[in-house]
Structure formats: C-alpha cells, structure tokens
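Let me begin by presenting the structure, written as structure tokens, before commenting on it.
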Amino acid sequence: MSARLLKKVLREQEETRQKQHLKQNEPDTDADGQTHKKLGSGHESEPEPESPDSSPAFKNPFHLLDDQEEEDQGNESDVVVESSKGNEDDKELSTAKVMVDRVPSSSRKSKKKKQKKKISKDALSSSTNNGDVRLENLSLEVVSSSQPGPSKAKPANVTAGNSLMKQCRSSILQVDPKLLSAENELRRIFGSKVVNSFEKSHQAGSSRQIHGGRRGSHNHRKTVLVSPSDHWPRWDGSLSMELLDTSDGYYYFRYVHSSSYSQAQSTFEAAKAIHDLNGIASILQYYPYHIDSLITLADYFRFSGENQMSADAIAKCLYALECAWHPMFTPLQANCQLKYSHETNRPLFLTLFTHMKNMDRRGCHRSALEICKLLLSLDSDDPMGAIFCMDYFSLRAEEYRWLERFSEEYQSDNSLWLFPNFSYSLAIYRFYVELEDSKNTEMETGKATSADLMKQALMLHPSVVKKLVAKVPLKDQMWTNILKNSFFRSDQTGNPTLDHLINIYVERSYIIWRLPNLQQLLRDSALQVIETLEHKGSDARDWACVRKETFSSEKNE
C-alpha cells in the first residue's frame, strides 16, 4: 500500500470521527437521557445499519496493512477491495466503533494521536521494508558471499571472468594517460614558462603558414595520444572500428574503412605505384585524414630534414585513428587486442612506432616508454619489436624499479634476460638501484649484484663488447688488451637473428655507455670474466650451448 492511499484513508477516518463526535456532543448539551438511549438502544452484538456517510469509516488501516503483507503489498486496487469487505469484517469494525464511542473524549483524542503516529510509523517502515527487500534481492549473492556460514556460490565462469579482468587491470603494460603528453614532460623538465614561450612562438609561425584557412572555426575532439592543432580540419568520420571477439578477458577489434575512404585508398595505391608524390599530396586536399598518405608525407619530410612537419603529419594520423576508436576500445587498460594480421590495423602500429621515435628525438623518454607499452599491449605477438625498445626507454626515463618488475612479470618463463638488450640493461638497472640504496642506507638482500649480472651478460653475449668499443667509442688502453683476448675478439656470433638483435641494441643504446661509471663497471666485469676463463675454460662452452639453444634458428627472425 502506498503512503498516499494510506494518508487518504486516515484523513477520511478522521473526518468521520469528528462528525460523529459533534453529533454525540449535541444531545449531551440538550438532554442526557437521549444520549444514554442512543448508547443503549442497540445490542452490542448487532451492528448499526451502514450509511453512505459513514462508509469510509470502515476502512481499517491495520487490516489493510495486514492484508497487504499477505498479498504482495502494493497494488492500489487492493485498497478498493479492502474497502468493500463482507459482513464479517463489517461486524468487527462496528464492534470496534461502539467500543471507541464508550471511551471518554480525552482518552479518545490521545488514543487517536497514538494510533495516527503508529500508523504513520508502520506505513513508513512497510515502505522502507519493501525497498530493502528489493535491494536485498538484487544484491543477494554479494551479501551472502560476505557473511559467514553457508552461502550461495557464484558460478565458475563469473569467478573466472572477474579474475581475468583483475589480471588485465593489474597488468604491467597499463598506460598512464597523463604521461603520454610530451608537453607535460617538457614542462616537468624545463618548466612551464619556457614551454609556454616556445609554444607561443611556434603557434605564431604555424599560423603564418596557413593560407586562406579559417582559424579556430570549430572545436576538435579531445584525444589522449596527441593534442590536435587549431588549424587541423574537422574529423570527417571516414574510419571506424568494430568489435570482433571477446575471449580470455581480451577484446579483439579491427579498423573499418568507409566507402569514401576505400576510394581514397584506391587512388593512393595508384599514385604509389607510379611514385607520384604530388598525386598523394592531392589526396589530402579531399581526404585530409587519409592515413597512408599522411605517413608517406611524414617519411618525405623526415628524409628532407623537416622533422617538425613530419611529426605534425604523424600526430594528425594518431588523431584520426583515435577518433575512430570503438566505445569499448580501452587500450590504456591493456585489455584490448588489435591484431597486426588485419591489414586495416597496421597503420596504427607504424604510426605509434614513428611517434615513439619522435618522442625520443625530443628527449621525452617517459612519454616514449608509455607509447612503447601501448604498442606491446595491442598485439601480444609484438610485430614492431617494441620489447627491444622497452629497456632503453626505461633506463633513459630512470624507471629502474619498473624495468625489474617488467622483466619478472611480463613472461611466465622469465626468459627476457636471454636477449642481449635485457641482459646488459638489467645489469645497468641494478647498478643504479645499488647507488640509490647506498644513499638511503637500505641494501636489498637476496638479489644478484650489478657485477654478477654484468659478468653473466658478458659470458652470454661477448660480441657486444667489440661493437660497443667501436660505437661509443671507448679509447682506454685497457680495452685494447681486453679485445686481444680470444673470448672478446670477434664481433659476430654466426647466428643472423642474434647478430641483428645485437646491432639494434648497440645502435640504440650506445649513448648510455658514455657515462664513466658504467664504463668502469663494464671494464672491471670483462677483466673478471677473462680471469675466470683462465682458471675454468669450460664455462665458455657452457654459455655457448645456452646461446645456441636459445637462438637456434639459422634465419634472421
């Protein structure tokens, strides 16, 4: 029963009782005998005849509440049914009425107030109980699981799904959107005043390059990967994304081209076949967010030395690709897969990799690390080789603890240290962690030292030393004596895959080895390796077997 109907019943009952009280007081003032005659004129067992005026008085709210608790509590039609009960209810109600009339007026008023308060409290509690029952029914499983004793068990698939989603949320590859912005990192490095003055001068120069275009004519969509410029055209919606599948806690997506975009793609392929750069540039006049055309112009600007224009073209690509994201596509949470095997997905990988290199060129290594994490999380097969950039950006961004956590949690077999880049980078990270711990007078126990890790890296990949000496370069006379040893004499392993990985590591990370303290660590560890091999030459053969088993392919994978 609703509170509105209950108030209506109470109001009608109160009005009828006031009318009866007035009628009863009139004969008391005139003649007392008439009042006694009215009270004693009928037997208590016989009910008074029902009149139209007194019919609302028979709606007993207590009976209505009791009946509603038995009959699902809450239909307005039940009130009408209760008001037209049979003779048995009428007899009980009339008897109650006669008993009320015999009570003195002062006690009747106090009882009326008490009954009214009790009815309002009961109505409030009944309506509250109805809401509580609904809430308890909705959250039955949660409440039962939190209480001790026998409880209702959740389905196995729900538990497995929750655990998988929790595992995705706690993934090591989750991306912080605040750290993706190169402008934020530059403000942390140089200060806001320097960055703001540079941006003002850059905006003034870029505005002079715009010919005949309206500036600030529309608002761009807010994106995470890049910040759109004011002179960019409005997003045309030529790209979209569709959800393909959901399995093992991951969502699989694919980019979809519209009919207009497919037409622009055909025109691009024709211009590309004849190496017509002007034809590719003309496509952007009609389709300003055609990804392949923008990537081609970005490459052209980079080869021409126009790095800023190349970076702007790549940023425009990222803006268009992000505007086409599916509502359920949340790559920053590392729970979405965008497989490289789909041809429409490949521009995003290429654009992100180029954008990561642009961040490295600007010195924004923390932002580049977040982009590298995003690249690796989008496709577990790692088509762009992002894992071979992860250690470099971690060291340049001074994220030493994160690099340790990544090497332990990313792969269950814990085999990352076998790669040449990780074998040397883990020794470097341990060296800097030891420096921090020595300042804080807190030394970690139970972990290998930086010297041990460096000796392990030298035993596993000795050909790195000669390449580093030539690339850094290391001009100390001691390195000449070290390279004369037969163990460090060669810079080739005979395995094309391993040689290629070593070349990538040396070409990307040689700048790290220009620090004198790391050069000393490398030199001391190399001398210790030579001393160990003089006493126990079988160690070299053992590490060669490990290297051959790990990189067993004869092709450059």
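The values are calculated or read from the model by the stated rules, or taken from the named source; none is laboratory data. Note that the coordinates shown come from a computational prediction; the quantities given were computed from them, not determined experimentally. Glycine gets a Cβ as well: all are built from the backbone with ideal geometry, and neighbour counts include every protein chain shown. Only protein heavy atoms, including side chains, enter the accessible area calculation; ligands, DNA and RNA are left aside. Shrake-Rupley method; radii C 1.70, N 1.55, O 1.52, S 1.80 Å.
The H on the amide N of Leu244, modeled in the peptide plane, is under 5 Å from the matching H of Tyr252, Phe253, Arg254, each at least 5 residues off or on a different chain.
Sequence-ordered 3J(HN,Hα) estimates for the stretch 470-482 from the Karplus curve with 6.51, -1.76 and 1.60 and θ = phi - 60° stand at 7, 8, 4, x, 9, 9, 5, 5, 4, 5, 5, 5, 5 Hz, glycine and proline given as x. Each principal axis of the Cα cloud of the stretch 309-390 was taken in turn, and the coordinate range along them, longest first, works out to 31, 26, 22 Å. Mean sequence separation of contacting Cα pairs (under 8 Å, at least six apart), scaled by the length of the stretch 445-557, corresponds to a relative contact order of 39 percent. If you wrap a convex hull around the Cα atoms of the stretch 483-531, how much volume per residue is inside, in Å³? In the stretch 483-531, the Cα convex hull volume per residue is 82 Å³.
Label sites at Asp248 and Asp524, each approximated as a point 7 angstrom past Cα along Cα to Cβ, lie 4.4 nm apart. Compared with the rule-of-thumb size 2.2 N^0.38 Å for a compact globular protein, the stretch 332-480 has a Cα radius of gyration ratio of 1.17. Ser552 exposes around 90 Å² of accessible area when a 1.4 Å probe is run over every protein chain in place. At the residue level, Glu534 shows approximately 140 square angstrom of accessible surface with a 1.4 angstrom probe and all protein chains present. Mean projected area of the Cα convex hull of the stretch 206-338, taken over all directions, amounts to 9.5 nm². Karplus-based coupling profile of the stretch 522-530, in residue order and whole Hz: 5, 5, 5, 5, 5, 5, 5, 5, 4, with θ = phi - 60° in 6.51 cos²θ - 1.76 cosθ + 1.60 and x standing for Gly or Pro. Average projection, convex hull of the Cα set of the stretch 431-557: 8.9 square nanometres.
For Asp542 and Lys178, the FRET efficiency from 1/(1 + (r/R0)^6), where r spans their Cβ atoms and R0 equals 60 Å, is about 0.80. Measuring only protein heavy atoms, the 1.4 Å probe finds Cys372 accessible over about 0 Å². The relative contact order of the stretch 269-411, computed from alpha carbon pairs under 8 Å that lie at least 6 residues apart in sequence, is 16 percent. Largest first, the residues Glu322, Glu549 sort by 1.4 Å accessible area into Glu549, Glu322.
A straight chain from His326 to Asp230 at 0.36 nm per residue would run longer than the Cα-Cα distance by 32.1 nm. Calculated translational diffusion coefficient of the stretch 435-507 (4 °C, 1.567 mPa s; Stokes-Einstein with Kirkwood radius over alpha-carbon pairs) equals 91 µm²/s. Computed from the Cα positions only, the extents of the stretch 215-286 along the three principal axes stand at 47, 36, 20 Å, in decreasing order.
Within the P(r) computed for the stretch 262-333, what percentage of the Cα pairs occupies the region above 15 Å? When all Cα pairs of the stretch 262-333 are counted, 57 percent exceed 15 Å.
Quick one: how many lysine pairs does the stretch 372-466 have with C-alpha atoms less than 28 Å apart and a gap of 8 or more or different chains? Give me the count, please. Intermediate values should be presented prior to the final figure.
Details: Lys373/Lys447; Lys439/Lys447; Lys439/Lys455; Lys447/Lys455; Lys455/Lys466.
Value for the stretch 372-466: 5.
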